[in-house]
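So the structure is just underneath, and the comments pick up after that.
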Amino acid sequence: MNASQPSPPRPAKGIRWVPLARRAHLFLSLFFSPLLILFIVTGWWQTAVSRDDQENGTGAFHDLMANLSNLHTDRSYPGFHIGHGHAAPGFLQGLVIAMAAALLLSILLGLFLAWQSLRQKWIVLICLFLGVAVPLAAIYFAA
């Protein structure tokens, strides 16, 4: 081996963390993505559409978004009732809590995978820094 070339990395002994993290990240993402997309789309609608348009709008899309947005506030979907006139908020609340915990775990696994996969660690650090700095700048300049 040439002295100027670094030696190849040695495989870790014991548990192979990167493949395990990839698999966990994959299955958490597959299971919770539909619910997460629903909350992202309805959260966008609540943020991007004016309150007047939310309350006075018409049409099938408006009605669908208004009903789905109730999941954020009422933990139920209008017209879908179980038992005594309301949806099962305990189960839905538990599912949303599990989704939030799984999302946090999946994000941490993604950060771990990014750190393990990229040789230039500074790219990971710059992206993380910008992920904090840009929203803080937006909040600061919006005030």
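The values are calculated or read from the model by the stated rules, or taken from the named source; none is laboratory data. The model shown is predicted, which means the values in this text are computed figures rather than measured ones. Glycine gets a Cβ as well: all are built from the backbone with ideal geometry, and neighbour counts include every protein chain shown.
Some points to look at:
- Close pairs from the range 89-104: first closer than 16 Å to N70 by Cβ and in contact (Cβ under 8 Å) with a residue 12 or more places away in the chain, partner surrounded by 12 or more Cβ atoms within 10 Å (Cβ to Cβ) and among the basic types (K, R), Cβ under 9 Å, at least 6 apart: P89/R75; L92/R75; Q93/R75; V96/R75
- Identity of the residue in the range 1-54, among the aliphatic types (A, V, I, L, M) and not in a helix (DSSP H, G or I), that ends up modelled with the highest pLDDT: V49
Listed here are the residues, each with its yes/no results for (1) assigned to a helix (DSSP H, G or I); (2) surrounded by fewer than 10 Cβ atoms within 10 Å (Cβ to Cβ); (3) acidic (D, E); (4) modelled with pLDDT of 90 or more.
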| position | (1), (2), (3), (4) |
| --- | --- |
| F61 | yes, no, no, no |
| L64 | yes, no, no, no |
| G90 | yes, yes, no, no |
| V96 | yes, no, no, no |
| L125 | yes, no, no, yes |
| L130 | yes, no, no, yes |
| A133 | yes, no, no, yes |
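- Enumeration of residues in the range 37-59 that are under 30 Å from L113 (Cβ atoms) and crowded, with 16+ Cβ neighbours inside 10 Å: F39, T42
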